[in-house]
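Visitor: Below is a structure I'd like to ask you about.
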Amino acid sequence: MSIDRRQRDIVEFIQKHKMAKVATLSKQFKVSPETIRKDLVELDDMGMLVRVHGGARINSRDRESAYSERESSYLEEKERLANLALDLIQDDSAVYLDYGTTTRTIAKALVDSGRRLTIVTNALPVADLVAKSDSIECMVLGGILRSNGGALYGPIGEKALEYLHFDMGFFSCGGVDAEAEITNHFPLEVVLSRKAMERCERVVVVADGSKIGAIAMHQLARFEEINALLTTENPPPDLLTVLEDSNVRLVVADPQ
């Protein structure tokens, strides 16, 4: 099921305000309450929000921590993941870096390495780092700016991706689980990430140890849709089995 512009705006509004009444949304978007109720039913069916009496709220699994908090967490693990990523990237490659604090750490490592690359991203923190490099050409996807993390999302970026192709893409996530597979938090960013994955020759998911066994609200990808998982913790047996059955290359970083 597709999502139109008004529905995107409704999700963004509820993400910002945590909850909204039908009457409030009707006034905000200048449509009838009946239209809003229909939108909420469809968005609830897609898992983008939860309908409640008289309105809708975000799902508890959509609640992610502040970017500044995530940026200062698991620093050593993120650096280990960045070193793994460096081993996979060749000079003169076209690389997509998705939003997230781990991909930002990868961007810093690439800048420090002096690699000759083209990097495309939807994350302003990544672009800000890459802009300091003389050897990396950076392209930033357009879109709507999200305050928590500086990521861009929406139809402008999705359309731009139709004209691009990447040798490799690196994607952060909110959780990796044997049953839920790869999940993340903000639904509209997940839509863009999935579009980007379709344009990558190789899809690499990066997840520090805290993400193994965790589940966020929205499925980012099935295991069969990715090529490699870089992590800092040995997965449990059930997850190992699923990864092997899906032909996902698992790389666990050695402790520093």
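The values are calculated or read from the model by the stated rules, or taken from the named source; none is laboratory data. These numbers were taken from a predicted model, which means no experiment stands behind them. No Cβ is skipped: glycine too gets one built from the backbone with ideal geometry, and neighbour counts run over all protein chains shown.
Visitor: Report every pair of residues separated by at least 6 positions or lying on different chains whose Cβ atoms are under 8 Å apart, first residue within segment 179-205 and free of Cβ contacts under 8 Å to residues at least 24 places away in the same chain, second assigned to a strand (DSSP E or B) and of a type in the set (Gly, Ala, Ser).
Guide: Close Cβ pairs (under 8 Å, with a partner that is assigned to a strand (DSSP E or B) and of a type in the set (Gly, Ala, Ser)) do not exist here.
Visitor: Among (1) touching a helix residue (DSSP H, G or I) at 6+ places or on another chain (Cβ under 6 Å); (2) more than 30 Å from residue 245 (Cα to Cα); (3) not in a strand (DSSP E or B); (4) not aliphatic (A, V, I, L, M), where does residue 115 come up short?
Guide: (1)
Visitor: Further question: If you go through segment 165-173 one residue at a time, do you hit one that is over 24 Å from residue 109 (Cα atoms) and either among the hydrophobic types (A, V, I, L, M, F, W, C) or not in a loop (DSSP other than H, G, I, E, B) (or both)? Break it down stepwise before answering.
Guide: Let us first name the residues in segment 165-173 that are over 24 Å from residue 109 (Cα atoms), namely none.
No - not one qualifying residue is present in segment 165-173.
Visitor: Within the set of pairs 6+ apart or on separate chains, which have a first residue in segment 223-252 that is free of Cβ contacts under 8 Å to residues at least 60 places away in the same chain and closer than 17 Å to residue 83 by Cα, a second that is outside any loop (DSSP other than H, G, I, E, B) and among the polar types (S, T, N, Q), and C-beta atoms under 8 Å apart?
Guide: As it stands, the answer is 250/231; 252/231, since those pairs meet every condition given.
Visitor: What are the residues in segment 134-159 that are crowded, with 20+ Cβ neighbours inside 10 Å and over 15 Å from residue 94 (Cα atoms), if any? First the steps, then the outcome.
Guide: Quick first cut of segment 134-159, residues crowded, with 20+ Cβ neighbours inside 10 Å only: 136, 141, 143, 146, 149, 151-154, 157.
If the condition is that a residue be crowded, with 20+ Cβ neighbours inside 10 Å and over 15 Å from residue 94 (Cα atoms), then 143, 146, 149, 151, 152, 153, 154, 157 are the ones that fit.
Yes or no, residue by residue, for (1) assigned to a loop (DSSP other than H, G, I, E, B); (2) acidic (Asp, Glu); (3) at pLDDT 95 or above:
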{"site": "148", "(1), (2), (3)": "yes, no, no"}
{"site": "163", "(1), (2), (3)": "yes, no, yes"}
{"site": "183", "(1), (2), (3)": "no, no, no"}
{"site": "195", "(1), (2), (3)": "no, no, yes"}
{"site": "203", "(1), (2), (3)": "no, no, yes"}
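Visitor: Something else: Within segment 95-105, can you find the residues that are farther than 17 Å from residue 200 by Cα and in a helix (DSSP H, G or I)? Don't jump to the end; show me each part of the working.
Guide: In the first step, residues of segment 95-105 are kept if they are farther than 17 Å from residue 200 by Cα; the result is 100-102, 104-105.
Once the filter is applied, which keeps residues that are farther than 17 Å from residue 200 by Cα and in a helix (DSSP H, G or I), segment 95-105 yields 101, 102, 104, 105.
Visitor: What are the residues in segment 114-137 that are under 18 Å from residue 169 (Cβ atoms) and of a type in the set (Ser, Thr, Tyr), if any?
Guide: Within segment 114-137, 118, 121 meet the criteria.
Visitor: OK, next. Can you tell me which of 92, 134, 128 is farther than 17 Å from residue 206 by Cβ and at pLDDT 95 or above?
Guide: On the way: 134 fails: at pLDDT 95 or above; 128 fails: at pLDDT 95 or above.
Step by step, each of 92, 134, 128 is checked, and only 92 is farther than 17 Å from residue 206 by Cβ and at pLDDT 95 or above.
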